[in-house]
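Read the figures in this text as sums done on the coordinates, not as results from a lab. Nothing here was measured: the structure is a model prediction, and the numbers come from that model. Glycine also receives a Cβ, built like all others from the backbone with ideal geometry; neighbour counts cover every protein chain displayed.
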Amino acid sequence: MALLRLLLVFVLAAAPAAAAPDPAGFVSELGDKTLEIINKRPPKEERDRRFRAVLHEGFDMQALSRFVLGPHWRTATEQQRSEFVKLFEDWIVSAYGERFSNYSGEQFKVTGQRPESESVTLVTSQIVRPSGGPPIRVDWRVAKAANGFRISDVVVEGISLMVTQRQEFASVIQRNGGQLEALLKVLRERTGQ
Amino acid sequence: MRTFRLAGALVGAALLAGCAGTGELADDPYAVNDPLEDVNRAIFELNLAVDDYLLVPAAKAYRTVVPELGREAVQNFFANLRTPITLVNDVLQGETERAGHTFTRLWLNTTFGLGGLLDVATYFGVPPAHTEDFGQTFAVWGVEDGPYLMLPLLGPANLRDAAGIAAGFFADPFNIWMGSIDMDWVPYARGVAEAVDTRSRNIETFQTLRETSIDYYATIRSLYQQRRSADIRNEDSSSPSGNPISAGRPATE
């Protein structure tokens with residue numbers, strides 16, 4: 001009996017703090033947190049810190065990095081890969097933090113979810129603008145992860161943020177003689193490193 | 001024997017295509033078809049200059065001078081003016097239900113909406129407006145998009161959409177009417193006014209996007225191509241659950 005209780009404590013402790021029951025709940029929680037950051041308009045430093053926390057909670061940066069580099073990931077050295085994962089995260093925090101700063105007073109609601117493949121669920125949501133006008137449709141690809149869920153893509157009005165990022169980065173690399181180093185250099189500059 | 005020869009020809013063609021591509025990247029499913037990139041980039045710079053020095057100042061002035069309510073009426077008016085082209089393309093794509101909504105919207109807004117200034121259709125419960133154009137119709141008919149093109153003043157397109165833009169200009173009933181009464185300049189003025197109106201509503205969004213992009217040209221190209229694909233699949237905000245998005249996009253190489 002004591003063993004059972006011990007086991008139970010172990011299981012509970014191992015579960016992530018905010019274990020969402022399903023992908024929709026997971027997205028709903030993350031969306032609310034993000035919107036709170038956007039609407040409260042904290043100073044840049046705090047905004048970036050909180051935004052980074054949401055990023056860690058909801059996204060697998062390693063997997064996203066692999067996707068956005070595409071064929072260049074395969075040819076990158078181990079050192080380049082780990083530097084990219086770090087720079088990519090820093091850059092997302094600053095660039096998207098900036099892009100979100102145009103918004104304020106938005107409301108977010110999850111409208112549904114459906115399986116897209118065996119491991120990926122598509123969660124649909126809407127962002128309602130304070131100015132009126134049609135709501136913005138945002139779809140989330142949510143993959144099952146070891147402990148809970150991880151977002152693999154965010155699709156705004158049919159535009160995949162990951163695909164956009166991949167194509168932008170590919171262009172930077174391609175225009176610099178196919179050198180991944182060129183992209184790393186720009187990212188270092190943009191993130192002040 | 002014949003099958004073999006055909007297979008051989010196909011493999012040969014595939015190999016050639018592989019060589020013609022950018023080597024290793026040719027098998028990248030997200031590779032972009034932009035053979036005229038250098039010219040396109042030059043035109044993009046030109047468009048940005050026009051945007052910076054003419055369009056944005058005009059849009060800002062417009063936003064300052066005309067109150068919100070007036071700008072809404074202008075937006076409604078231009079949207080209504082585009083509706084006949086949407087209707088024609090709904091029909092050409094065999095979208096009878098959407099065509100019905102478009103038709104109802106057009107006559108309600110043109111009559112009770114005082115020539116389109118008021119969007120009474122939405123008030124009466126007609127589903128939200130959508131737009132269709134000839135570029136989308138060509139796509140539905142199976143025409144390939146062709147190379148990406150940056151058009152002077154008109155902005156991003158591809159070969160198919162450029163043809164669609166031209167078709168839309170010449171098939172537009174309002175433009176035809178203006179041409180028939182020797183007011184050929186009106187369709188161009190309409191284009192400029194529409195550009196100012198649209199731009200006045202997205203100045204900050206694009207400003208931030210430009211500042212935070214590493215390669216703004218590539219970002220715009222990506223956004224345009226993805227947005228068009230979504231439009232062609234008729235995924236608009238009016239369908240909250242969204243239609244299935246093309247499969248195979250999750251985070252894998």
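Across chain A the C-alpha pair distances fall into 5 Å bins from zero in the proportions 1, 7, 13, 17, 18, 16, 12, 8, 4, 2, 1, 0, 0, 0 percent. For the protein assembly as shown, the normalised intensity computed at q = 0.08, 0.14 Å⁻¹ comes to -0.55, -1.58 (log10 of I(q)/I(0), Debye sum over alpha carbons, equal scatterers, no solvent).
Exposure proxy shown here: for B:Y148, A:Y103, the number of other Cβ atoms within 10 Å sets the order, fewest to most, as A:Y103, B:Y148. Approximating the spin labels as points 7 Å out from Cα along Cα→Cβ, the A:N39-to-B:V91 distance works out to 4.6 nm. Across the options B:G168, B:N40, B:I220, the greatest Cα extent toward the positive end of the charge dipole of region B:2-232 (unit charges at beta carbon of Lys, Arg, Asp, Glu) belongs to B:G168. Taking other C-beta atoms within 10 Å as the exposure proxy, B:M150, A:M61, B:M183 rank B:M183, A:M61, B:M150 from fewest upward. Placing R0 at 22 angstrom, the Cβ-Cβ distance between A:Q179 and A:R52 gives a FRET efficiency of 0.20 after rounding to 0.05.
Ranked by how many other Cβ atoms sit within 10 Å of their own Cβ, fewest first, the residues B:F103, B:F138, B:F124 fall in the order B:F124, B:F103, B:F138.
From helices alone, the protein assembly as shown scores -19000 deg cm²/dmol at 222 nm; the rule is -39500 (n - 2.57) for each run of n ≥ 4 DSSP H residues, then divide by the residue total.
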